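Student: Here you go, one structure.
The values are calculated or read from the model by the stated rules, or taken from the named source; none is laboratory data. For clarity, every value in this text was computed on a predicted model and none was experimentally measured. Using ideal geometry, Cβ is built from the backbone for each residue, glycine included, and neighbour counts are taken over all protein chains shown. We work out accessible area using only protein heavy atoms, side chains counted, and drop any ligands, DNA or RNA first. Shrake-Rupley method; radii C 1.70, N 1.55, O 1.52, S 1.80 Å.
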Amino acid sequence: MDPSATRGLTLRSRSGSTYRFDPGALCLELMTTGGPGPYRVFEVLHAPADVADFAGRSRLDPTPELEVAERDVAELRALRDALFGLVRAHLDGAPLPADELAVLNAAAARPALAPAVTADGGRGWAPGATGAQLVATLARDAVDLLTGPFAHRVRTCSAGDCQLVYVDTSRPGNRRWCSMEHCGNRHKVRALRARHSEEG
């Protein structure tokens, strides 16, 4: 996990407007691609090209050129779905579910994307990067998040109708919203209307 990375994602609200969401961790970016149960309707990982597209939108820098197989798509979705159960248990202070933990640990045990220095002195990735390595990289990021110094800063957006999860990397540790321009702004508007209603 890289708490200082601020690349963020562009998400679309139910109303159709777009907003920026920075979950603060690579593995939490994966949780915006769909999920188990009611989140299945938001699924965007259907084919190898979708995995490459996710990598391009993620905080991985630079974007790796991936060879993605169909099985990588299934494994990435399985990891993401396991993360939902693990993060929920973590937030609730409950024991981590064994099945989801097994999925995470198995993925993290595989070879991850390998960083490399390019000929011009920049950062790149070792040749032959695969979707399987991306899955392992995401799993290792989740291990780092759940066991690292920011584990106690994992939060869910305070809006009752928003389930986005993020790492609160603010200095005071008082971030409440997935995005100030989305849920934070909606809260301000509701509070303002309520105040006007009381005054009227």
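Student: Mind listing the long-range amide H neighbours of THR130? Cut-off is under 5 Å, sequence gap 5 or more, other chains count too, H placed in the peptide plane at 1.01 Å from N.
Tutor: GLU67
Student: Looking at the square roots a ≥ b ≥ c of the eigenvalues of the Cα gyration tensor of the chain, which shape do they give, rounded for a/c under 1.5, prolate if a/b is larger than b/c, or oblate?
Tutor: prolate
Student: Another one. Restricting to Cα pairs below 8 Å that are 6+ residues apart, what does the relative contact order work out to for the range 71-175? Please round to a whole percent.
Tutor: 21 percent
Student: Here is a follow-up. Write down the accessible area per residue of the chain in Å², having rolled a 1.4 Å probe over the full set of protein chains.
Tutor: Per residue, the chain has 53 Å² of solvent-accessible surface.
Student: Once the other residues with Cβ under 13 Å from the Cβ of LEU45 are scored (Lys, Arg +1; Asp, Glu -1), what is the net sum?
Tutor: Net charge in that neighbourhood comes out at -3.
Student: Here's something else I'd like to know. How would the range 39-143 be classified by its alpha-carbon gyration tensor: rounded, prolate or oblate, with rounded meaning a/c under 1.5 and the a/b versus b/c comparison settling the rest?
Tutor: prolate
Student: Continuing with the same structure: What number, in percent, do you get for the relative contact order of the chain if the mean sequence gap of Cα pairs under 8 Å and at least 6 apart is divided by its residue count?
Tutor: Contact order relative to length: 21 percent.
Student: At 1.4 Å probe size, with the rest of the protein present, what percent of the exposed accessible area of the chain is carbon and sulfur atoms?
Tutor: The C+S portion of the solvent-accessible surface of the chain is 53 percent.
Student: Between ALA89 and HIS46, what FRET efficiency follows from the Cβ-Cβ distance if R0 is 35 Å, with the result rounded to 0.05?
Tutor: 0.80
Student: About its Cα centre, how strong a charge dipole does the chain have in debye, to the nearest 20, once Lys and Arg get +1 and Asp and Glu get -1 at the Cβ?
Tutor: The dipole of the chain has a size of about 860 debye.
Student: Just to be sure I understand the model, the point goes 7 Å from the Cα along the line to the Cβ. What's the resulting VAL117 to HIS152 distance in nm?
Tutor: 3.8 nm
Student: So, one more: Name the residue from GLY8, THR156, GLY35 whose Cα lies farthest towards the positive end of the charge dipole of the chain, charges +1 on Cβ of Lys and Arg and -1 on Cβ of Asp and Glu.
Tutor: Towards the positive end, the residue furthest out is THR156.
Student: Under the classification rounded if a/c is under 1.5, otherwise prolate if a/b is larger than b/c and oblate if not, where does the range 19-71 fall, given a ≥ b ≥ c as square roots of the Cα gyration tensor eigenvalues?
Tutor: Here the range 19-71 falls in the oblate category.
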